[in-house]
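> One structure follows; several queries about it will come next.
The values are calculated or read from the model by the stated rules, or taken from the named source; none is laboratory data. All of these numbers come straight from a predicted model, not from anything done at the bench. Cβ atoms come from the backbone with ideal geometry, glycine included; neighbour counts cover every protein chain shown. Only protein heavy atoms, including side chains, enter the accessible area calculation; ligands, DNA and RNA are left aside. Shrake-Rupley method; radii C 1.70, N 1.55, O 1.52, S 1.80 Å.
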Amino acid sequence: MKTPVVLLTGFLGSGKTTLLSRLLAHPEMGETAVIVNELGEVAVDHHLLRRVDERTVLLRNGCLCCALRGDLADELRDLLGRRDRGEIPPFGRVVVETTGLADPVPIVYTLLSEPVVKHHFRLERVVTTVDAQHGLRHAESVKQAAVADRLVVTKVDTADTGPVRAELRRLNPAAEVVEASFGDVAPSQLFGGGEPDPRELDFDEAPSHDHELHALCLTFDVPLDWTAFGIWLTMLLQARGEDVLRVKGLLDVGADGPVLVNGVQHVVHPPEHLPEWPDDDRRSRLVFIGRGFTRDELERSLAAFNSAAGRG
């Protein structure tokens, strides 16, 4: 079974490190390995049980905290090897904290494409912190929020969260939003549970005044040909990959259950075929986050591919 990886990102000063420091104190974080850029930044000293080596500490709750020395793929392979040799305790999840200016897409690419990493690990979720006071003021923060599966609005004790929540709903309606004061969020709110059903989401397709990215949704009442869809999505991402930050949804391909689709720019997660639909609503529904295209353009394009394959 592959070990799930959670990517924790957020812009400078958004409270990401505070959130992680509070998470590390939870008993629920046992059997978790956390990879950070600097051990000293996450304030683990008062929880420290023992130092495993020069870059790894073991907390009282069983959580490992490791300093990232260079390449993430190398670090994950090293963790795997040390676990298999019994040099560090077993772990069932990895949390990777990025720097505040990091573009999460190359990290996602590493997790989904590096041969050893993708064989032993799977990307479970991208979690992004957003400052309630400052919102999405920088291009990096917009991209970090656009690719997130969970959004944590921080510093809620200092600002009205209404405006930033509204902006996040317009930008990324497919992500669940939770709020945190002083980083106080239970691990189960970030790491557990499923994702919202894209067929039940509401969309405001007007771009925010702060940036041109927006979310839109394609809905199809007829089954989609899986091969035709794969060719269409591949061609779209090759031609417009820089403009398509996120795509996720449920597809009716004529089977007993839907296919889960999840992609970040040029990188697409392995599709997951579910055994059955959760209800009688079998509409295909795809959520796109990006710029420079309209819902009608994408729907007409996909419908043409589907018709050419004899569907629709």
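> Provide the solvent-accessible area of Glu124, counting protein heavy atoms only and rolling a 1.4 Å probe, rounded to the nearest 10 Å².
About 40 Å², rounded to the nearest 10.
> Per residue, how much accessible area does the chain have with a 1.4 Å probe, in Å²? Kindly include the intermediate steps, with their values, before the conclusion.
Values: 13810 Å² over 312 residues.
Here the per-residue accessible area is 44 Å².
> Is there a quick way to get the dipole size of region 15-169? I mean about its Cα centre, with the Cβ of Lys and Arg at +1 and of Asp and Glu at -1; what is the value in debye to the nearest 20?
Values: 21 positive and 23 negative charges, 66 e Å.
Using only the charged Cβ atoms, the result is roughly 320 debye.
> When the gyration tensor of region 77-125 is built from Cα positions, what are the square roots of 5 times its three eigenvalues, in whole Å, from largest to smallest? Before the final figure, lay out each step's value.
On the way: eigenvalues 96, 35, 17 Å².
Square roots of five times the eigenvalues give 22, 13, 9 Å.
> To the nearest 10 square angstrom, how much accessible area does Arg93 have with a 1.4 angstrom probe?
50 Å²
> Cβ neighbours within 10 Å, averaged per peptide: list 244-250, 51-57 in order, most packed at the top.
244-250, 51-57
> Across 5 Å bins from the origin, how do the percents of Cα pairs in region 146-298 run, short distances first?
2, 9, 17, 20, 19, 15, 10, 5, 2, 1, 0
> Quick one: of the DSSP bridges fully inside the chain, what percent are antiparallel, nearest 5? Intermediate values should be presented prior to the final figure.
Values: 30 of 59 bridges.
DSSP beta bridges in the chain are roughly 50 percent antiparallel.
> On to the next question. Would you kindly find the accessible area of Glu114, with a 1.4 Å probe and non-protein molecules such as ligands, DNA and RNA excluded, rounding to the nearest 10 Å²?
Looks like 40 Å² after rounding.
> Calculated from the structure, mean projected area of the Cα convex hull in nm² equals which of (1) 20.3; (2) 16.1; (3) 24.6?
(2)
> On the protein heavy atoms, probe 1.4 angstrom, tell me the percent of accessible surface of the chain carried by carbon and sulfur. Spell out each step's value before the answer.
Values: 6980 of 13810 Å².
Whole-percent figure for carbon plus sulfur exposure: 51.
> Checking the a/c ratio against 1.5 first, then a/b against b/c, what shape does the Cα gyration tensor give for region 80-236?
Numbers: a/c = 1.87, a/b = 1.11, b/c = 1.69.
Cα axes put region 80-236 in the oblate bin.
> List every residue whose amide H lies under 5 Å from the amide H of His269, counting only residues 5 or more places away in sequence or on a different chain, with H placed 1.01 Å from N in the peptide plane.
Asn262, Gly263, Val264
> Could you give each residue of region 58-67 its phi-based ³J(HN,Hα) in whole Hz, using Karplus coefficients 6.51, -1.76, 1.60 with θ = phi - 60°, and x for Gly or Pro?
10, 7, 4, 7, x, 7, 8, 10, 10, 7
> Moving on to the next point. Sorted by average packing, counted as other Cβ atoms within 10 angstrom per residue and highest first, what order do 125-136, 252-263 take?
Details: 125-136: 23.6, 252-263: 17.6.
By packing density, highest mean first, the sequence is 125-136, 252-263.
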